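All remarks here apply to the structure that follows.
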């Protein structure tokens, strides 16, 4: 099955935080395990060719050379802040699907198809979850990534080619100033603007819709300021507005508290070629190798947890983030996957660029 990663490039400075003796001993045990040639995740035949993989990444040229070079600066320490009182409030595991079971959008796995639109898809997904949560489950609206892709004037003219990381805030800025209408999957009914690109990645999807006729060079769809025919609301009345903020870089505890209090957040991961072999099962990780990075993929963080492992009679715990991907439910663990958390040698940097949205209830 071919998968469509969505990539952006850039970065900023690092932050040092204090680690406990247990953290250091546990992380050393993980490092010893990995250095012995083991992996924490399941690998298999690449899900796509390298050519297809590269053709579906967001263009590294979207960011400056200075931005790209700054990625090579690894954080001195990447751990939760050392405030004992705050630490006691953070559970060992958390899953937004379980805390807010009434919000169906959290369980929904989107499918971005053969388009590098994760920057818009993940933002709309996060805001949909938070809209439901803020309304106490009364508003189950799935917000439209198509509205962002087609009508955001500051967003890229080639939306399937992605955005630079310095522009990752643009979907949130659009929501704040213009609002987002309802959406849903390709062909969705009773919504204003369903997803514009049809799924054409898996053999099943190709049989249903045919081969992909769009790619990273496809132009922005026309911005139509009206809803799908037969929908019962006007485009203007269907809009949802809100505010947003970027969470401090590498502040794991702030990310956790934000998710616990208000729902999932948007983040990005550094993409390497090895991700093609990742089957979505286990806990993904990759050493820091920024000279060979392929870009970023925007995702939704819905929780975290800890998994115990054992090697050579030595037990250790692996902390992870729980991620909702946008490659359809056939990929990974039902469309979800896990990635290591609070591990300084992990080159995926998921804690670096995290955004949270705050819907305004009408």
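The selection criterion, being in contact (Cβ under 8 Å) with a residue 40 or more places away in the chain and within 21 Å of residue 109 (Cα to Cα), does not hold for residue 253.
Take the conditions (1) more than 22 Å from residue 295 (Cα to Cα); (2) modelled with pLDDT under 90; (3) surrounded by 20 or more Cβ atoms within 10 Å (Cβ to Cβ); residue 57 misses just one of them, which is (1). Candidates are the residues of region 316-357 that are touching a helix residue (DSSP H, G or I) at 6+ places or on another chain (Cβ under 8 Å), at pLDDT below 90 and not in a loop (DSSP other than H, G, I, E, B); the one that is nearest to residue 32 (Cα to Cα) is 316. Do we find a residue being assigned to a loop (DSSP other than H, G, I, E, B), out of contact with any helix residue (DSSP H, G or I) (no Cβ under 8 Å at 6 or more places or on another chain) and surrounded by 16 or more Cβ atoms within 10 Å (Cβ to Cβ) anywhere in region 221-229? Yes, because at least one residue in region 221-229 is assigned to a loop (DSSP other than H, G, I, E, B), out of contact with any helix residue (DSSP H, G or I) (no Cβ under 8 Å at 6 or more places or on another chain) and surrounded by 16 or more Cβ atoms within 10 Å (Cβ to Cβ). Elements of the type helices (runs of 4 or more DSSP H) sitting completely within region 130-219 and holding at least 1 residues that are modelled with pLDDT of 95 or more and crowded, with 23+ Cβ neighbours inside 10 Å: these cover 145-151, 170-178.
Of all residues in region 257-273 being farther than 18 Å from residue 336 by Cα and in a helix (DSSP H, G or I), which is modelled with the lowest pLDDT? Per the stated criteria, the residue is 273. So residue 137 ticks every box in (1) free of Cβ contacts under 8 Å to residues at least 40 places away in the same chain; (2) in contact with a helix residue (DSSP H, G or I) (Cβ under 6 Å, 6 or more places away or on another chain) but one. Which box is left unticked? All conditions are met except number (2).
The values are calculated or read from the model by the stated rules, or taken from the named source; none is laboratory data. A quick note: this is a predicted structure, and the numbers were derived from the prediction, not measured. Neighbour counts are summed over all protein chains in view; Cβ atoms, including those assigned to glycine, are modelled from backbone coordinates with ideal geometry.
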